[in-house]
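Here is the structure we will look at, set down as structure tokens.
The values are calculated or read from the model by the stated rules, or taken from the named source; none is laboratory data. As the structure is a computational prediction, the values presented were derived from the model and not from experiment. Note that we place each Cβ from the backbone using ideal geometry, even for glycine, and neighbour counts take in every protein chain shown. Protein only, heavy atoms only, side chains kept; ligands, DNA and RNA dropped before computing areas. Shrake-Rupley method; radii C 1.70, N 1.55, O 1.52, S 1.80 Å.
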Amino acid sequence: MSSKEVPVKNGLLLNSPKQDEVLRDLSIIGLIGSAQYGKLYFNINTYKKKAQKALDLQILKKHQLIRNKSAIPIYTLGATGMVLAGLDYEAEANKWKLFSKNDVLQRLVFFQLYEQFKIADKDVFIETAEEPFIASINRQGKSFAVLVLRGNEEKIKQFFRYNADKLPTRILIVTEEFTHLQPIMQFIKPYLGRIRVTTDHELKNSIKDMFYLYNEQEWKKDSVN
């Protein structure tokens, strides 16, 4: 590990409820887009100074996802952030390198969904969930396990086929298009009563108007309860 990847002593002395929230969430999800970091945890107009301070203190570490010839800046926990989050930074430091492009996109999409939950309700937080779920969103004591459909169809098929006893009570699926659900449909069909689906396009809507329930052989608008 290079000298730049060891915890910064001054950073270890920092403590705030907002920072604790960031550390907890990133320790679960693994990464976040830089703009999402600003929107969810700080003021979008002033977050860059806070982000730079966190980068300087190795609380965060910056990377880039190249997509459609555009660079998307993303953050993971840095060495200081991992220690503050209670993680073993020697073991975790390069874990993000194991993420495929689809893994990264799944997590960025998850935070888009989480942003809408945060807008709708202050009583919202992130919980761990078993793979292939990215995580669960807890809203007023109700937990919604989130699947983001991006190149992980086989993992989803296997989970629904062999782990029915572990299926969460409430499941949210985000997909690019409803047609992309077809490969997994026969596996999720027995559990459609507990599943709500939304699309990338619908993520700009409020949580009251983004979800669909499968009813009478088609997806119809519904809400989360």
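Laid out as a table, the results:
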read-out: Residues of segment 10-38 satisfying the condition of being closer than 16 Å to PHE117 by Cβ, in contact with a helix residue (DSSP H, G or I) (Cβ under 9 Å, 6 or more places away or on another chain) and assigned to a helix (DSSP H, G or I); value: GLU21, ASP25, ILE29, GLN36
read-out: Output for segment 169-192, where each listed residue is more than 22 Å from the chain's Cα centre (by Cα) and more than 19 Å from SER223 (Cβ to Cβ); value: THR179, GLN182, PRO183, MET185, GLN186, PHE187, LYS189, PRO190
read-out: Counted residues, segment 130-168 - those being β-branched (Val, Ile, Thr) and under 20 Å from TRP219 (Cβ atoms); value: 3
read-out: Among residues of segment 134-168, those that are touching a helix residue (DSSP H, G or I) at 6+ places or on another chain (Cβ under 6 Å) and among the polar types (S, T, N, Q), counted; value: 0
read-out: Selection count, segment 13-43, where residues are open to solvent by 70 Å² or more (accessible area, probe 1.4 Å) and not charged (D, E, K, R); value: 4
read-out: Residue match in segment 210-222 (condition: surrounded by fewer than 18 Cβ atoms within 10 Å (Cβ to Cβ), of a type outside the set (S, T, N, Q), out of contact with any helix residue (DSSP H, G or I) (no Cβ under 9 Å at 6 or more places or on another chain) and closer than 21 Å to SER143 by Cβ); value: yes
read-out: Residue count for segment 39-82, restricted to those that are among the aliphatic types (A, V, I, L, M), in contact with a helix residue (DSSP H, G or I) (Cβ under 7 Å, 6 or more places away or on another chain), within 28 Å of LYS204 (Cβ to Cβ) and free of Cβ contacts under 8 Å to residues at least 60 places away in the same chain; value: 5
read-out: Condition met for ILE173 (under 24 Å from GLY38 (Cβ atoms), open to solvent by less than 50 Å² (accessible area, probe 1.4 Å), part of a strand (DSSP E or B) and not hydroxyl-bearing (Ser, Thr, Tyr)); value: no
read-out: VAL197, sole failed condition from (1) in a strand (DSSP E or B); (2) under 15 Å from VAL146 (Cβ atoms); (3) free of Cβ contacts under 8 Å to residues at least 12 places away in the same chain; value: (3)
read-out: Residues (closer than 23 Å to PRO7 by Cβ and open to solvent by 50 Å² or more (accessible area, probe 1.4 Å)) located in segment 49-70; value: LYS49, LYS50, GLN52, LYS53, ASP56, LYS61, LYS62
read-out: Number of the condition not met by LEU26 [criteria: (1) under 20 Å from LYS101 (Cα atoms); (2) touching a residue at least 12 places away in the same chain (Cβ under 8 Å); (3) more than 21 Å from the chain's Cα centre (by Cα)]; value: (3)
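Here is a yes/no grid of residues against (1) surrounded by 15 or more Cβ atoms within 10 Å (Cβ to Cβ); (2) aliphatic (A, V, I, L, M):
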| residue | (1), (2) |
| --- | --- |
| LEU108 | yes, yes |
| LYS118 | yes, no |
| ASP121 | no, no |
| PHE133 | yes, no |
| ILE156 | yes, yes |
| LYS166 | no, no |
| THR179 | no, no |
| GLN182 | no, no |
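Conditions tested, residue by residue: (1) under 24 Å from GLN19 (Cβ atoms); (2) modelled with pLDDT under 95; (3) of a type in the set (Ser, Thr, Tyr); (4) part of a loop (DSSP other than H, G, I, E, B).
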{"residue": "MET82", "(1), (2), (3), (4)": "yes, yes, no, no"}
{"residue": "TRP96", "(1), (2), (3), (4)": "yes, yes, no, no"}
{"residue": "TYR114", "(1), (2), (3), (4)": "yes, no, yes, no"}
{"residue": "LYS122", "(1), (2), (3), (4)": "yes, yes, no, yes"}
{"residue": "SER136", "(1), (2), (3), (4)": "yes, no, yes, no"}
{"residue": "PHE144", "(1), (2), (3), (4)": "no, no, no, no"}
